[in-house]
1. What does the charge add up to near Asp35, with Lys and Arg as +1, Asp and Glu as -1, over the other residues with Cβ less than 15 Å from its Cβ?
2. With Cβ to Cβ distances under 12 Å as the rule, what net charge do the other residues near Ile145 carry (K, R +1; D, E -1)?
3. What is the distance in Å between the Cα centroid of segment 1-15 and that of segment 22-39?
4. Ranked highest first by the average count of other Cβ atoms within 10 Å around their residues, in what order do 147-153, 112-118, 21-27, 87-93 fall?
Amino acid sequence: SIERQGVRRMGEYDAQSLADTIRAYAKLRMRPGRDMLDGMQHRAAAIADSQPQSLAGRVRAGARLGARLVGKMRGMGFDDVVRTVWAYAVLGVSPGEELLGVTNGGAERFNPTEIANTMWGYATLGVTPGDELLEAMESQAAAEIEGFNPQDVASTMYAYATF
């Protein structure tokens with residue numbers, strides 16, 4: 001299968017290939033098999049150790065896999081962190097409490113869909129965002145309320161019902 005081939009060739013993946021693979025799983029709403037998930041975790045850690053700027057710059061909508069990457073995420077922008085939370089939620093993989101606590105500000109730039117996806121991601125993971133993040137998201141949601149489409153409203157309401 002294509003996944004088995006991915007596992008076999010995982011050592012050849014660069015940051016972009018890994019990001020594209022993670023993004024594809026998230027977009028397809030498919031959870032990778034155990035071997036693929038383990039391979040992506042190990043490869044992401046290896047890339048983070050050797051090319052931290054490359055990984056942080058390229059994995060925009062994909063998940064950071066593995067606890068060793070939390071330290072690298074502290075230097076990422078807010079958008080990267082929340083996209084990571086969303087991708088983990090789509091994959092059904094818990095990123096762990098430490099990762100979920102990583103925020104660097106920036107919610108004031110979020111559009112309605114980014115707000116809704118972030119809230120949905122936290123809710124799907126069964127985690128309530130920290131007070132600082134929740135307040136920032138609520139403030140931005142109030143400022144952008146006219147731009148919320150029905151899906152944004154539904155995702156945000158789902159999040160509040162879950163919190």
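Coordinate-derived values only; no laboratory data. Keep in mind that what you see is a predicted model, and the values were worked out from it rather than measured. No Cβ is skipped: glycine too gets one built from the backbone with ideal geometry, and neighbour counts run over all protein chains shown.
1. Working: positive: Arg4, Arg8, Arg9, Arg31, Arg34, Arg43; negative: Glu3, Asp38.
Charge balance near Asp35 sits at +4.
2. Working: positive: none; negative: Glu138, Glu144, Glu146, Asp152.
Every neighbour counted, the sum reads -4.
3. 12
4. Details: 147-153: 13.7, 112-118: 22.7, 21-27: 18.1, 87-93: 20.6.
Per-residue Cβ counts within 10 Å, averaged per peptide and sorted highest first, yield 112-118, 87-93, 21-27, 147-153.
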